[in-house]
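Here's the structure, in structure tokens; my notes come after.
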Amino acid sequence: MSLVIRNLQRVIPIRRAPLRSKIEIVRRILGVQKFDLGIICVDNKNIQHINRIYRDRNVPTDVLSFPFHEHLKAGEFPLPDFPDDYNLGDIFLGVEYIFHQCKEDEDYNDVLTVSGDAEII
């Protein structure tokens, strides 16, 4: 199925090809290539707004995830009954936040794909 990467910010440059490649590797390892997944790159202002609305935390963060299958526990994978259920959900990457959290010796593009602990909402 599809992997959709949207860059909705202009603060930090995004290299889509390496990001897509690394996410596809993770999807293959986890065995979820048949599932749709959305990756949305946003700036501090927008990730803070989303964080405030859904988590009541008025601060920017690195990652927010919105699973399509809300009833699953950590580590469980969906068992879809219908074609439309082959969807993992959306992951919002606070790329500006991630960029500023990088240490001097870290490559931002590498950190972007392994960023933080995803906050499940």
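The values are calculated or read from the model by the stated rules, or taken from the named source; none is laboratory data. Since we're looking at a predicted model, the values are computed, not measured. With ideal geometry, Cβ positions are generated from the backbone for all residues, glycine too; neighbour counts draw on all protein chains shown. Note: accessible area is taken over every heavy atom of the protein model, side chains too, but ligands, DNA and RNA are not part of it. Shrake-Rupley method; radii C 1.70, N 1.55, O 1.52, S 1.80 Å.
Annotation: extensible slack from residue 2 through residue 22 equals 5.8 nm (criterion: 0.36 nm per residue apart, minus Cα-Cα distance). Seen against the Cα atoms of the chain and their longest principal axis, helix 44-55 is set at about 50 degrees.
Between the helical axis of 16-30 and the longest alpha-carbon principal axis of the chain there is an angle of about 40 degrees.
By the Stokes-Einstein formula, at 0.692 mPa s and 37 °C, the chain with its Kirkwood radius over alpha-carbon pairs has D equal to 218 µm²/s. Surface composition of the chain: carbon plus sulfur atoms contribute 52% of the solvent-accessible area (1.4 Å probe, protein chains only, all chains present).
Only the Cβ atoms of Lys and Arg (+1) and of Asp and Glu (-1) were treated as charged; on that basis the dipole of the chain about its Cα centre amounts to roughly 300 debye. Entry comment: accessible area of the chain is 65 Å² per residue, from protein heavy atoms only and a probe of 1.4 Å. Across the chain, the longest run free of exposed loop sites, meaning GluC sites (Glu not before Pro) lying outside DSSP classes H, G, I, E and B with no more than 12 other Cβ atoms within 10 Å, spans 1-69.
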